[in-house]
Amino acid sequence: MRYDERPTDDTPLSTADLPDTPVRDRNIPATAWREAPDALLALVPVAEYKRRIGPWLLWRSGPATGDDATYLAIRSDDLSVTHSLRLFPDGTGDGVGPSGTRHARFRSWKEDLLGR
């Protein structure tokens, strides 16, 4: 099922309840996460949970392609540590990963989250 056709599941979840792998049957909004930091709750539209990448919780505000979107990675063991990547309609991006490197592509930013 396409991400934009999945039902929203507002069931309250704690950090430990967030799945490791991509959620394919529903969307988990940031507002359902009990420990959601303000940086995540401030994103418009409401961000949706995507998956864990190493120690990071990955959320996206906006569509997967074709328009503006923001990815926010939040360190699961220290929710005050975040890194974001802004994606633009043309597929380019702008964000800084944990290494301090600025990235123009989602893939390289995601690899930075893994420490590669």
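The values are calculated or read from the model by the stated rules, or taken from the named source; none is laboratory data. All of these numbers come straight from a predicted model, not from anything done at the bench. So basically every Cβ, Gly included, is an ideal-geometry build from the backbone, and we count neighbours across all protein chains shown. Areas reflect the complete protein model, heavy atoms only, side chains present, ligands, DNA and RNA absent. Shrake-Rupley method; radii C 1.70, N 1.55, O 1.52, S 1.80 Å.
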Original post:
Which condition does residue 115 not pass, out of (1) assigned to a loop (DSSP other than H, G, I, E, B); (2) without any contact (Cβ under 8 Å) to a residue 24 or more places away in the chain; (3) open to solvent by less than 70 Å² (accessible area, probe 1.4 Å); (4) not acidic (Asp, Glu), if it passes all the others?
Top reply: (2)
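Checking the conditions here, which among 80, 99 is open to solvent by 50 Å² or more (accessible area, probe 1.4 Å), touching a helix residue (DSSP H, G or I) at 6+ places or on another chain (Cβ under 6 Å), in a loop (DSSP other than H, G, I, E, B) and polar (S, T, N, Q)?
Working: 80 fails: touching a helix residue (DSSP H, G or I) at 6+ places or on another chain (Cβ under 6 Å).
So the residue among 80, 99 that is open to solvent by 50 Å² or more (accessible area, probe 1.4 Å), touching a helix residue (DSSP H, G or I) at 6+ places or on another chain (Cβ under 6 Å), in a loop (DSSP other than H, G, I, E, B) and polar (S, T, N, Q) is 99.
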**OP:** Within the stretch 1-54, track down each residue that is open to solvent by 70 Å² or more (accessible area, probe 1.4 Å), assigned to a loop (DSSP other than H, G, I, E, B) and hydroxyl-bearing (Ser, Thr, Tyr).
**Re:** 11, 21
Original post:
Pairs, please: C-beta under 9 Å, at least 6 apart or cross-chain, first residue more than 15 Å from residue 60 (Cα to Cα) and β-branched (Val, Ile, Thr) and in the stretch 74-102, second part of a strand (DSSP E or B) and open to solvent by 60 Å² or more (accessible area, probe 1.4 Å)?
Top reply: 81/75; 96/102
**OP:** For residue 51, work out the one condition from (1) out of contact with any Gly (no Cβ under 9 Å at 6 or more places or on another chain); (2) over 23 Å from residue 114 (Cβ atoms); (3) of a type outside the set (Phe, Trp, Tyr) it doesn't fulfil.
**Re:** (2)
